[in-house]
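A short write-up of the structure that comes next.
Since every read-out is calculated from the coordinates, none of them should be taken as a lab result. What you see is a predicted model; the values in this text were computed from it and never measured. Here the Cβ positions follow ideal geometry from the backbone for every residue, glycine too, while neighbour counts run over all protein chains shown.
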Amino acid sequence: QVQLVESGGGLVQAGGSLRLACRASGGSFSAYAMGWFRQVPGKEREFVATINWIGDATEYADSVKGRFTISRENVKKTTYLQMNSQKPEDTGAYYCAATRIIYTMPDPNKYDYWGRGTQVTVSS
């Protein structure tokens with residue numbers, strides 16, 4: 001069983017930056033690909049970024065390409081989401097997730113474990 005805890009959310013002005021972190025406990029962190037997703041009330045959870053088990057392959061949603069960077073440190077059992085040039089439409093609850101599939105995975109239905117989320121609000 002893997003437990004995931006996100007941190008780093010908050011309020012930021014448009015054009016600003018935030019760095020989210022997701023710390024894992026239990027299980028073997030390096031055996032999982034990781035993903036970040038976001039959700040706003042009334043909408044489905046949306047894919048943001050994913051990274052493979054070793055950290056040498058990534059995928060991003062078109063809406064965040066060139067602005068967000070996903071990374072991981074397996075020794076620290078932590079994955080990160082660096083968010084730059086933020087826009088008001090980036091506002092939402094951000095969730096990290098782990099999947100036993102070791103490759104990058106944008107489909108939220110393929111994930112086995114989820115954190116509780118951290119809120120990001122971007123003001124205009």
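I'd like the full set of residues that are surrounded by 17 or more Cβ atoms within 10 Å (Cβ to Cβ) and in a strand (DSSP E or B), limited to region 1-20.
If the condition is that a residue be surrounded by 17 or more Cβ atoms within 10 Å (Cβ to Cβ) and in a strand (DSSP E or B), then Leu4, Glu6, Val12, Leu18, Leu20 are the ones that fit.
Can you work out which of the residues in region 81-124 that are out of contact with any Leu (no Cβ under 7 Å at 6 or more places or on another chain) and β-branched (Val, Ile, Thr) is nearest to Gln13 (Cα to Cα)?
The extreme case among them is Val122.
If Val75 satisfies all but one of (1) in contact with a strand residue (DSSP E or B) (Cβ under 8 Å, 6 or more places away or on another chain); (2) more than 17 Å from Val5 (Cβ to Cβ), what's the number of the condition it fails?
Val75 satisfies every listed condition except (1).
This table checks each residue for (1) aliphatic (A, V, I, L, M); (2) buried (at least 17 other Cβ atoms within 10 Å of the Cβ); (3) in a loop (DSSP other than H, G, I, E, B); (4) in contact with a Cys (Cβ under 6 Å, 6 or more places away or on another chain).
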site	(1), (2), (3), (4)
Thr50	no, yes, no, no
Lys65	no, no, yes, no
Ile70	yes, yes, no, no
Ala97	yes, yes, no, no
Thr104	no, yes, yes, no
Thr121	no, no, no, no
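Identify all residues within region 24-53 that are touching a helix residue (DSSP H, G or I) at 6+ places or on another chain (Cβ under 8 Å) and either without any contact (Cβ under 8 Å) to a residue 24 or more places away in the chain or among the basic types (Lys, Arg) (or both); write none if there are none.
Those that are touching a helix residue (DSSP H, G or I) at 6+ places or on another chain (Cβ under 8 Å) and either without any contact (Cβ under 8 Å) to a residue 24 or more places away in the chain or among the basic types (Lys, Arg) (or both): Arg38, Arg45.
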